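One structure below.
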Amino acid sequence: MTFEGYKGKESERNKKLVYNVVRQGDCYINTGDAFTRDKDYFVYFSDRLGDTFRWKGENVSTTEVANILMELELVSDICVYGVEIGDNEGKAGMAALTLKTRPENLSLNVEQLKSIAQHCALQLPAYARPRFIRVVKEFVYTSTFKQSKLKLKEDGYDLRKITSPVYFLDCKENVYKQMTPEIQMEIDSGKIKM
């Protein structure tokens, strides 16, 4: 097998090779992409693995989005991840954040929501702007001190699973608004385009 990635950097190239996956002696290239296969053995791109997600045909770096949002004065810490929306291709961005001043009900006021939307519009391309925001009391961390995204991804923007407010990006008005069960149903059904 020939794999020329990272020309001149053999150590980097070797990090992408995975051996003995299906049977002894085989070798695969870890591209960081997940694929699905249909009944006819056609292979389709499904998602990016790691700290990126795909939305509107573009790869979005969670780290880049988080760094931009950390510039906001009100944010103490942030975790960005992708969530599925109905039948949409890819995953939409969602940001969970902790605030420097912690309100009891973990909510954001109109001015804070406006500030976040304006900052995102100035600093991020349209496809990378988080479609959903929620405030959390604190993050759960792994043994290697990384934020655990598993529960956040499982909750998504589902109001039945989340007790604090969830805000969605009204793309027409470029402002975040508090989501209600009715709005969630309209987003899920595609009536509200994200």
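The values are calculated or read from the model by the stated rules, or taken from the named source; none is laboratory data. Since the structure is predicted, the reported quantities are computational estimates derived from the model, not experimental observations. Positions of Cβ are backbone-derived with ideal geometry, glycine not excepted, and every protein chain shown enters the neighbour counts. Quick note on the areas: whole protein, heavy atoms, side chains included, nothing else; ligands and nucleic acids left out. Shrake-Rupley method; radii C 1.70, N 1.55, O 1.52, S 1.80 Å.
Excluding the site residues themselves, the longest part of the chain lacking any trypsin sites (Lys or Arg not before Pro) in a DSSP loop with at most 15 other Cβ atoms within 10 Å is 57-99.
By accessible area of protein heavy atoms, probe 1.4 Å, what ranking do F53, F139, F145 get, highest first? Intermediate values should be presented prior to the final figure.
Values: F53 5, F139 25, F145 170 Å².
The most accessible residue leads, giving F145, F139, F53.
With the gyration tensor restricted to C-alpha atoms of the stretch 38-116, the semi-axes of the equivalent ellipsoid amount to 32, 13, 10 Å, longest first.
Just want to confirm a number: the relative contact order over the stretch 75-140, from Cα pairs under 8 angstrom separated by 6+ residues, in percent. Display every interim value, and only then the final one.
Values: 75 pairs, mean separation 25.0, N = 66.
Value for the stretch 75-140: 38 percent.
The stretch 90-170: which GluC sites (Glu not before Pro) are DSSP loop and have at most 13 other beta-carbon atoms within 10 angstrom? Spell out each step's value before the answer.
Details: sites: E104, E111, E138, E154; in loops: E104, E138.
When the GluC sites (Glu not before Pro) of the stretch 90-170 are filtered for loop state and at most 13 Cβ neighbours within 10 Å, E104, E138 remain.
Plainly put, the chain has a radius of gyration that is 1.03 times its Kirkwood radius, both from alpha-carbon atoms, as the Rg/Rh ratio. Largest accessible area first, the listed residues D170, D87 line up as D87, D170 when surface is computed with a 1.4 Å probe on the assembled protein chains.
Relative to the Cα centre, the charge distribution of the chain, modelled as +1 at Lys and Arg Cβ and -1 at Asp and Glu Cβ, gives a dipole magnitude of about 260 debye. Of the whole protein surface, C171 contributes about 60 Å² of accessible area at a 1.4 Å probe radius. Measuring nothing but alpha carbons in the stretch 76-125 and taking Rh as the Kirkwood radius, the Rg to Rh ratio lands at 1.02.
Which length gain, in nm to one decimal place, applies between N14 and K172 when the Cα-Cα distance is subtracted from 0.36 nm times their residue separation? Numbers along the way, then the final one.
On the way: separation 158, 0.36 × 158 = 56.88 nm, distance 4.65 nm.
Taking 0.36 nm per residue and subtracting the Cα distance, the gain is 52.2 nm.
Kindly provide the helix-only [θ] at 222 nm of the chain, computed as the sum of -39,500 (n - 2.57) over DSSP H runs of four or more divided by all residues, to the nearest 500 deg cm²/dmol? All intermediate terms of the calculation are to be shown ahead of the outcome.
Numbers: 5 runs with 43 residues, N = 194.
Rounded to the nearest 500, it is -6000 deg cm²/dmol.
Comparing N14, V75, F35 along the charge dipole axis of the stretch 12-99, the residue lying farthest to the positive side is N14, per the Cβ-charge model. Based on protein heavy atoms only, the chain ends up with 64 Å² per residue of surface accessible to a 1.4 Å probe. Protein-only accessible surface at a 1.4 angstrom probe places the residues L17, L150 in the order L150, L17, largest first.
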